[in-house]
Amino acid sequence: MPKKKVLIPLSGDDVAPRFDLAPEVVLATIEDDGTIMDERAIVLANASAEVLCRVVLDEKTDVVVCGGIDDEYFQYLTWKKVEVIDSVIGPYMEVLLRLAAKALAPGDVIRPENTTRV
Amino acid sequence: MSTLPLVRGLYNKPIGLLNLLNEIPLGLAILDTEKRIVAINRTLETLTGFASEQVEGIRCCFVLRSNLCAHECPLERVDQLSGALSVQGNIVNKSRQRLQVRITTSVIENGDGQVLGFLEAVEIMSAVSDRPDAGVESLALKGLVGSSSQIQRIFQILPVIALTDSSVLITGQTGTGKDLVAETIHRLSDRAKGPFIKVNCGALPESLLESELFGYEKGAFTGAVTSKPGRFRMAHNGVLYLTEIGDLPLSLQVKLLSFLDDKTVHPLGSSRTYTVDVRVIAATHRNLEEMVKKEKFRQDLLFRLNVIRLHLPPLAERGTDVRILLDHFLKLFCVRFGKMLKGFSQDAHKILLDYSYPGNVRELRNIVEYAVNFCDGQLIHTRHLPQYITAPTETFENLTSEDIANKAQRRDLLDETGDVMPPSLDWAAVEKRLILEAMTKARGRRGKAAALLGWGRSTLWRKMKKLGIQGK
């Protein structure tokens, strides 16, 4: 799998329920062999879908994993060649692991009891 | 929930609680004291796009996805003493639609007064945006504005149409208000508390349109990674509004006709059928009778949709309504953009009254929006109006074909075949011109151009993409 840069809007340690209302994001790089590197968080001054789209593009993100997102922004990011995996529920770390294992799809609900053992 | 709790004592035999809740036309969620989902009913499944068993044990905010969850969660404010708490907000569902909702929350307690959890009722308000000035648009009959005899006739019959449950076919040129009339019918009807689901039949390819309308089961086709209920099921107890019905492919016209007959939906890849209670409103700018003659539209479907026919006149036939609409939109945009304008100059007013508005009310609205944006004084002058309406007008009959071609080239009115289109038919060129002027004024900076037009960047992007404007 080619190296990918991932952005996940956060609410605490979970994927934020809403793309446009997320107060912070986590960025990470998934290497060719599935290792997760360069994880860092960005706190947003104001939650806003427009600002978040700007962050996605400025960070040259390949994949966004999020909760609910308005169709307008989904279409915009898709047009900008960003893969959007939406309606995901669960802890962001588990989401990253599943993405690295190519086992994440839109609408996935990850429960704490189903987390990956490493 | 694999074992459904049973309710005893209502009837001779116990009844499953979820079976009971599924018959209530409100979205309902039962939560525990940790705000985690115990169960949701079918209406809330349809509203959110999540199945009940999929979200058991998940915190409510991740399922409902309301703008209230972050800072104004009603579950934090409700208690045994306060009674039910009702708040308005919006949610974003799995179909990426933003829905305006009213959420009513109450505490569930046992006979000893011990709090066991919460009950949330979610009621859809409308599918419009939550702009702060939305209330300004609600003049006259729920947003329709006018005093001409044609519009007054529509005002008079809309409430009557709303109270029937028959299918409605709305016809009229683009920009005449078909969407607004459809929503008004819904809001005036007994189905006002139910959903209003809109589908543009011309916006999606045939294969996607079928799955959008009728839903699909997980694995029904490549890419179907989850089940989706479909727009018919989402519109249960409400209205399904099919705009551009003339663009519905013939194969789907058959399925729509079948639904209108037996009110059942067969999702792709599913062996189950679902009975839904939906009122269908359809709209088109096309001449469906002509399409029937050319065998592009089924006559039997036209008969079924044409139970109540409502035709919206073009703005050019509405006489004094142009003056009223100019004032209405001037007031609306002054509020939205925070400007204190007194009105139009005499010259500008004359130009606006004399203009033909081939794009009808939508074009008039956009012209006023443009003018309010560009106005830097207290009166809108001619220089604040889009150039294409202030240029000297000439009728096509006076011009040679070479003159017409030259004029059309300057005004970007040539279509793909190189033939000249009369200005009155090209609303896309109108919008294109507005965007190009804004981009010129903003010197190519899309963010500033979007602000000038009163749009978000993504709205500008979407329109530029649609109109084929290269903006790099």
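The values are calculated or read from the model by the stated rules, or taken from the named source; none is laboratory data. Note that this is a predicted model, so its numbers are computed, not measured. Please note: Cβ atoms are built from the backbone with ideal geometry, for glycine as well, and neighbour counts cover all protein chains shown.
Details
- B:LYS432 vs. criteria modelled with pLDDT of 50 or more, of a type in the set (Lys, Arg), within 22 Å of the chain's Cα centre (by Cα) and part of a helix (DSSP H, G or I): no
- When B:LEU64, B:LEU99 are screened for being touching a residue at least 40 places away in the same chain (Cβ under 8 Å), surrounded by 21 or more Cβ atoms within 10 Å (Cβ to Cβ) and more than 18 Å from the chain's Cα centre (by Cα), only B:LEU64 passes.
- The set of residues in segment A:61-73 that are hydrophobic (A, V, I, L, M, F, W, C) and surrounded by fewer than 20 Cβ atoms within 10 Å (Cβ to Cβ) contains only A:VAL63.
- The residue that is farthest from the other protein chains (Cβ to nearest Cβ), counting only those in segment A:1-60 that are of a type in the set (D, E, K, R) and surrounded by fewer than 13 Cβ atoms within 10 Å (Cβ to Cβ), is A:ASP38.
- Check on A:GLU72, in contact with a helix residue (DSSP H, G or I) (Cβ under 7 Å, 6 or more places away or on another chain), over 17 Å from A:PRO23 (Cβ atoms) and within 11 Å of another protein chain (Cβ to nearest Cβ): yes
- Note on segment B:76-100: residues that are under 30 Å from A:ASP108 (Cβ atoms), away from every other protein chain (no Cβ under 13 Å) and aliphatic (A, V, I, L, M) total 1.
- Some residue of segment B:64-86 being modelled with pLDDT under 90 and part of a strand (DSSP E or B): yes
- Screening B:ASN19 with (1) closer than 22 Å to B:SER227 by Cα; (2) crowded, with 16+ Cβ neighbours inside 10 Å gives one miss only, at (2).
- Residue list for segment A:41-73, filter: closer than 23 Å to B:CYS60 by Cα and part of a helix (DSSP H, G or I): A:ALA49, A:ASP71
- Qualifying residue in segment B:270-283 (condition: crowded, with 19+ Cβ neighbours inside 10 Å, closer than 18 Å to B:GLY202 by Cα and in contact with a Cys (Cβ under 9 Å, 6 or more places away or on another chain)): yes
- Hits in segment A:92-115 (condition: away from chain B (no Cβ under 11 Å), outside any helix (DSSP H, G or I) and within 16 Å of A:ASP13 (Cα to Cα)): A:THR115
- Number of residues in segment B:135-178 that are out of contact with any Lys or Arg (no Cβ under 6 Å at 6 or more places or on another chain), at pLDDT 85 or above and in a loop (DSSP other than H, G, I, E, B): the value is 7.
- Some residue of segment B:7-26 being part of a loop (DSSP other than H, G, I, E, B), touching a strand residue (DSSP E or B) at 6+ places or on another chain (Cβ under 6 Å), at pLDDT 85 or above and closer than 20 Å to A:PRO91 by Cα: no
- Of the helices (runs of 4 or more DSSP H) lying entirely inside segment B:256-350, the ones with 1 or more residues being over 24 Å from the mean Cα position of the chain (by Cα), of a type in the set (D, E, K, R) and assigned by TED's automatic domain parsing to the domain that holds B:VAL181 are found at B:288-293, B:299-305.
- Of the residues making up segment B:314-323, at least one is among the acidic types (Asp, Glu) and surrounded by 20 or more Cβ atoms within 10 Å (Cβ to Cβ).
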